[in-house]
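The values are calculated or read from the model by the stated rules, or taken from the named source; none is laboratory data. Since this is a predicted model, take the numbers as computed values, not measurements. Cβ atoms come from the backbone with ideal geometry, glycine included; neighbour counts cover every protein chain shown. What goes into the accessible areas is simple: the full protein's heavy atoms, side chains included, and nothing from ligands, DNA or RNA. Shrake-Rupley method; radii C 1.70, N 1.55, O 1.52, S 1.80 Å.
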Amino acid sequence: MLLDTASLYFRAYYGVPDSVRAPDGTPVNAVRGLLDFITRLVQDHHPDELVACMDADWRPHWRVELIPSYKAHRVAELTVTGPDEEEIPDTLSPQVPVIEDVLDALGIARVGVEPYEADDVIGTLAGLATGPVDIVTGDRDLYQLVDDARGVRVLYPLKGVGTLQVTDEAWLREKYGVNGPGYVDLALLRGDPSDGLPGVPGIGEKTAAKLIDAYGDLAGIMAAVADPSSKLTPSQRKRLDEARDYVAVAPKVVRVASDVPLPAFDPALPAEPRDPAALDALAARWGLGGSLERLLATLRG
């Protein structure tokens with residue numbers, strides 16, 4: 001089980017009241033909410049291995065160089081030497097280091113690699129997996145990894161993680177008319193305002209799906225643009241032709257990396273905390289109470 005950790009703690013932050021606080025009054029709603037999410041996921045799905053995948057760089061420069069608008073609307077501060085500062089609610093950002101410390105003390109694998117996003121870590125781990133993989137994320141970009149033959153599916157939270165949309169190839173085809181790899185082409189043609197991807201003007205989701213169905217993939221669609229006998233409408237041909245520069249670079253931006261250099265780590269779900277003393281101190285300092293106790297009981301089985 002691969003967790004898109006930031007996606008989940010953002011959901012926890014907005015789903016759990018900020019009246020959930022540490023003894024000193026600091027909000028810990030994202031911390032406790034994420035622990036509750038992990039408990040429910042382990043109870044419901046019984047993974048042997050679980051990896052909390054992290055954004056070591058939420059807006060990699062190599063993606064921005066190709067499409068400068070990539071996530072630009074979410075930048076709080078540009079930096080020269082490291083990752084740009086992301087606009088995060090004031091009471092969430094202090095909780096992220098606490099989440100990291102708690103996961104480390106528990107012994108739940110936490111993997112982030114610069115200059116990559118959590119999506120890229122997930123894509124690499126999913127590609128290396130020898131058995132079934134459940135990816136838990138509220139980010140539809142990861143639909144591209146769905147692969148029935150390899151047992152890779154996306155569990156998309158609809159309400160917390162108790163109600164999950166199980167995304168497999170049948171669901172993708174019914175909803176979007178594409179398979180996993182086809183979702184990359186669909187997303188880049190359609191665009192995605194939440195990621196600052198402009199898309200091809202005038203090519204919406206339904207048109208993109210019809211083009212992929214007719215011509216197979218992005219390369220087939222662009223070949224049809226150059227083929228005067230193809231059945232593209234004059235408007236589609238013109239819009240796609242004018243978007244050639246964007247279409248040339250967008251796949252590298254939209255497609256998750258599959259070759260992230262991963263550090264050594266142990267993905268096995270721990271039965272006991274790696275550092276009980278550190279975990280006790282964190283529990284007392286941040287008032288993690290029942291959320292941590294329920295997770296520990298679940299891990300112990």
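Full extension of the segment from residue 129 to residue 284, taken as 0.36 nm per residue of separation minus the current Cα-Cα distance, would add 52.1 nm.
Take the Cβ-Cβ distance between residue 77 and residue 192 as r, set R0 to 25 Å, and report the resulting FRET efficiency rounded to the nearest 0.05. Computed FRET efficiency for residue 77 and residue 192: 0.60. Solvent-accessible surface of protein heavy atoms, probed at 1.4 angstrom with all chains present, puts 55, 213, 139 in the order 213, 55, 139, largest first. Rounded to the nearest 0.05, what FRET efficiency do residue 244 and residue 148 give with R0 = 30 Å and r taken as the Cβ-Cβ distance? Could you check? Once the sixth-power term is evaluated, E becomes 0.35.
Axis of helix 244-254 versus longest Cα principal axis of the chain: the two differ by about 20°, to the nearest ten degrees. The modelled label-to-label distance between residue 158 and residue 275, using points 7 Å beyond Cα along the C-beta direction, is 4.0 nm.
Rounded to the nearest 10 degrees, the inclination of helix 289-300 to the longest alpha-carbon principal axis of the chain is 80 degrees. Once the Cα atoms of helix 118-128 and of the chain are each reduced to a long axis, what angle between those two axes, in degrees from 0 to 90 to the nearest 10, is obtained? Helix 118-128 sits at roughly 80 degrees to that axis. The slack in the chain from residue 173 to residue 233, taken as 0.36 nm per residue of separation less the alpha-carbon distance, amounts to 19.2 nm. Just the protein heavy atoms count here, and of the accessible area of region 198-271 at 1.4 Å, carbon and sulfur take up 55 percent. The label-point distance for residue 45 and residue 223, in a model that sets each label 7 Å from Cα toward Cβ, rounds to 3.7 nm.
Taking all protein chains together and rolling a 1.4 Å probe, residue 218 ends up with roughly 20 Å² accessible. By the helix-only formula, in which each DSSP H run with n ≥ 4 contributes -39500 (n - 2.57) and the sum is divided by residues, the chain has a 222 nm mean residue ellipticity of -14000 deg cm²/dmol. Accessible surface area normalised per residue over the chain is 47 Å², counting heavy atoms of protein chains with a 1.4 Å rolling probe. Output the relative contact order of the chain, whole-number percent, from Cα pairs under 8 angstrom with separation of 6+ residues. In percent, rounded to a whole number, it is 25.
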